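Throughout, read-outs are computed from the coordinates displayed, never taken from laboratory work. Since this is a predicted model, take the numbers as computed values, not measurements. Cβ coordinates were reconstructed from backbone atoms using ideal geometry, including for glycine residues, and neighbour counts include every protein chain displayed.
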Amino acid sequence: MVLQCLAPMLGGFQPHHPARDVKYHMKITMIGTGYVGLVSGACFADFGHDVVCVDKDAGKIAAIESGRMPIYEPGLDQLVGSNAAAGRLTFTTDVAAGVKGADAIFIAVGTPSRRGDGHADLSYVYAAAREIVEALDAPAVIVTKSTVPVGTGDEVERIARELRPDLDIQVVSNPEFLREGAAIGDFKRPDRVVVGTTGSERAIAVMSQIYRPLSLNQAPLMFTGRRTAELIKYAANAFLATKITFINEMADLCEAVGAQVQDVARGIGLDNRIGSKFLHAGPGYGGSCFPKDTLALVKTGQDYDTPVRIVETVVQVNDLRKRAMGRKIVKALGGDARGRTVALLGLTFKPNTDDMRDAPSIAIVQALEDAGAKVVAYDPEGMAVAAPMMPGVTMVGDAYEAAQGADALVLVTEWDIFRALDLKRLAASMAQKVLVDLRNIYPAAEAAEAGFALTRVGSQVA
Ligand SMILES: NC(=O)c1ccc[n+]([C@@H]2O[C@H](COP(=O)([O-])OP(=O)(O)OC[C@H]3O[C@@H](n4cnc5c(N)ncnc54)[C@H](O)[C@@H]3O)[C@@H](O)[C@H]2O)c1
């Protein structure tokens with residue numbers, strides 16, 4: 001329905017009722033069973049489609065099959081369990097077996113930053129594309145769900161034509177916008193679904209059928225050109241990263257001039273043209289997407305001799321900010337961290353995930369250790385992944401254990417479990433009552449009552 005309204009505006013592609021050879025019930029293969037692939041696969045199965053999830057990591061597949069999720073994502077174990085039990089969701093390590101009879105094969109493998117130059121590393125995408133087309137036994141649609149730079153779909157199409165000139169293989173871009181920690185809700189109730197094609201009626205019809213259940217949730221299915229779809233994903237992430245970086249710089253200015261960044265954020269966010277989301281000042285953006293995607297967009301701009309200077313600056317400012325947080329903590333300790341113990345609450349790049357990729361905590365730990373501090377940390381889900389990344393840090397069982405004997409307590413990631421801590425109890429067990437709240441969640445009055453000298457982001461309270 002929404003598709004019909006939008007289609008004339010969006011790239012001129014017409015909405016499609018299923019062509020005669022397109023079924024309502026789809027057979028879908030998901031290549032890559034990570035944060036995106038597993039959530040997307042389970043949600044597609046929950047819509048009623050038949051889904052095979054493929055991963056070359058045999059340990060991951062074995063874990064899922066035995067009911068253990070390889071990642072922490074709220075609600076995922078129930079969603080996977082119920083759909084697997086219903087026979088709509090199966091798992092394999094065998095790409096060839098997985099793609100047999102599929103209407104659409106989604107590529108959801110990683111696209112990390114390439115070592116050395118910051119370009120997106122597309123080797124996993126192209127390797128998956130080769131494996132898929134070699135195994136195909138019938139015409140199919142290959143869909144890149146991974147975040148990939150402009151032109152990647154063209155290259156996947158070239159690979160398909162070269163290896164399988166005998167088959168009609170369509171290549172579509174369908175970037176994913178889900179957020180870790182809220183991934184299932186985001187997938188099922190997205191703000192929009194973007195589908196980029198080169199105009200193939202079959203591809204448009206298959207994608208329309210795959211996402212048809214979402215029309216019940218009023219999610220706009222937006223068809224566009226393939227290169228445009230690829231760019232939309234990067235533009236979205238770069239814009240959000242810019243918004244975060246903007247408010248972080250305002251926070252620094254607030255500290256310098258004696259203003260309150262939370263009020264500034266509210267004051268500008270209530271303007272509908274700006275909006276209140278992504279205006280929380282903090283230690284800088286991290287995670288598996290924004291850092292690598294902003295960097296990749298910068299590289300694309302340079303490749304096409306069209307620099308995206310705002311994004312270049314955002315990348316630089318954010319990189320500097322993470323280490324600056326380390327200096328902020330040292331300052332709160334009186335300027336010397338040697339021999340002091342700093343307790344970190346939260347290590348993951350945001351709450352409700354175990355994802356440690358590019359988490360600000362990594363740079364903060366490094367800066368503190370460089371300054372001679374000993375670091376103790378607690379995170380509800382991230383410690384298993386974090387421990388080998390920060391071998392000098394002592395991981396403990398909860399926030400109170402972390403605070404025991406520490407000279408400073410630092411809130412790094414705003415997990416719910418940290419929101420209602422007993423500040424008096426924490427303070428009483430510490431060697432020095434120093435609290436650094438990098439997410440601005442503790443009321444200044446409560447911290448003061450507990451005897452803490454409080455440092456926040458974007459306001460002068462200490
Ligand atoms: N994580 C997010 O929040 C998020 C959100 C939107 C978009 N994305 C994008 O989605 C893509 C995937 O991200 P992710 O976080 O799910 O990555 P991930 O590292 O969690 O998962 C990727 C999986 O692909 C598997 N894999 C790699 N090559 C394979 C192959 N040839 N055959 C089978 N399996 C293979 C890996 O073993 C791994 O399990 C990336 O491009 C990312 O930028 C991620």
When restricted to Ala219, Ala235, the only residue touching a strand residue (DSSP E or B) at 6+ places or on another chain (Cβ under 7 Å), at negative phi and in contact (Cβ under 8 Å) with a residue 24 or more places away in the chain is Ala219
Selection status of Ala86, away from the ligand (no atom under 16 Å from the Cβ) and under 17 Å from Ala42 (Cβ atoms): yes
Quick check on my filter: what residues within segment 58-80 are free of Cβ contacts under 8 Å to residues at least 12 places away in the same chain and either touching a helix residue (DSSP H, G or I) at 6+ places or on another chain (Cβ under 7 Å) or part of a loop (DSSP other than H, G, I, E, B) (or both)? Ser66, Arg68
Within segment 349-369, how many residues turn out to be among the acidic types (Asp, Glu) and in a helix (DSSP H, G or I)? 1
Would you confirm whether any residue within segment 252-267 is in contact with a Leu (Cβ under 7 Å, 6 or more places away or on another chain) and within 16 Å of the ligand (Cβ to nearest atom)? no
